[in-house]
Amino acid sequence: MQESLQKRLAVLIDADNAQPSIVDGLLEEIAKYGVASVKRIYGDWTSPNLRGWKEVLVEHAIQPIQQFSYTTGKNSTDSAMIIDAMDLLYTNKMDGFCIVSSDSDFTRLSARIREAGLTVYGFGQEKTPKSFVGACDKFIYTEILRKKSKDDSGDGDSTPTKKPKATELRRDSRLVSLLRNATEDSADEDGWAHLAEVGQNIANKSSEFDPRNYGYRKLGELVRAVGLFEVSERANENAPGKSIYIRDKRRK
């Protein structure tokens, strides 16, 4: 796809709530959704706590925005991000926003951007409050990105993620319910559902769902691992390749 046809995204990073170790994985993930036209990171750069960001910012051309901590806490940084986000929103030049933080203060900002018809991708730790997670169209946990960055670096500091067995996955009632309900909602009269439609249905129900949270790269791999669905690969009539369809085994 040509860059001109891709979404123009504004990437806004809360330095107080993100680590430099995620940046490689973060930008690679963002590239799946569009072009990072704006890359800004906010914090008090006089603080020694942010020293580790220096080389990362230069390497990836991320613009640091200075925000002094006038009072105890990080509210001044959050406010600066929110003001800049609204300025960018009103320019009408962005197609979406990537908000990198684990702070619930950005819940209303995300909701406001979505009200304007733009897509919001959230990035934060697994401890991120559900209010912020739910306010985003899609939310990616940064633990995945940190793991990916270590794997790609080849430094040997990380170990492969152990994929849970089918019995473990089936004990996750929320996962099983999500997969079954999304399949049922996307199914035809015979119970077969196109995997892509199932994935979209899941995304609409749960912004933080990601097969990588369960140790699998793709939804199809996770569905097969759960073992609760029949899987059928069918040739496409008007395009090369095959499409994957699934059906709840209870429908047999």
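Quick notes on this one:
- Residue in the range 232-249 that is within 30 Å of ARG114 (Cα to Cα), touching an Asp or Glu at 6+ places or on another chain (Cβ under 9 Å), modelled with pLDDT of 90 or more and not hydrophobic (A, V, I, L, M, F, W, C) present: no
- Of everything listed in (1) hydrophobic (A, V, I, L, M, F, W, C); (2) at pLDDT below 90; (3) part of a strand (DSSP E or B), the single unmet condition for ILE65 is (2).
- Qualifying positions in the range 210-252 - touching a strand residue (DSSP E or B) at 6+ places or on another chain (Cβ under 9 Å) and part of a loop (DSSP other than H, G, I, E, B): ASP210, LEU228, ASN236, GLY241, LYS252
- Candidates in the range 35-52 are the residues that are under 20 Å from SER79 (Cβ atoms) and either under 22 Å from the mean Cα position of the chain (by Cα) or not assigned by TED's automatic domain parsing to the domain that holds PHE68 (or both); of these, the one that is surrounded by the fewest Cβ atoms within 10 Å (Cβ to Cβ) is ARG40.
- Scanning the range 96-151 for residues that are closer than 20 Å to ARG212 by Cβ and out of contact with any strand residue (DSSP E or B) (no Cβ under 9 Å at 6 or more places or on another chain) turns up LYS127, LYS130, GLY134, GLU143, ILE144, ARG146, LYS147, LYS148, SER149, LYS150, ASP151.
- Residue match in the range 3-16 (condition: in contact with a helix residue (DSSP H, G or I) (Cβ under 8 Å, 6 or more places away or on another chain), assigned by TED's automatic domain parsing to the domain that holds LYS138 and surrounded by fewer than 19 Cβ atoms within 10 Å (Cβ to Cβ)): no
- For the criterion of being closer than 21 Å to GLY124 by Cβ and modelled with pLDDT under 90, LEU145 passes.
- Taking the numbered list (1) assigned to a loop (DSSP other than H, G, I, E, B); (2) out of contact with any Gly (no Cβ under 9 Å at 6 or more places or on another chain); (3) of a type in the set (Ser, Thr, Tyr) in turn, SER207 passes all entries but (2).
- Note on the range 29-55: among residues that are at pLDDT 95 or above and in a helix (DSSP H, G or I), the one that is nearest to ALA80 (Cα to Cα) is ILE30.
The values are calculated or read from the model by the stated rules, or taken from the named source; none is laboratory data. The model shown is predicted, which means the values in this text are computed figures rather than measured ones. All Cβ positions, glycine included, derive from the backbone under ideal geometry; neighbour counts span all protein chains shown.
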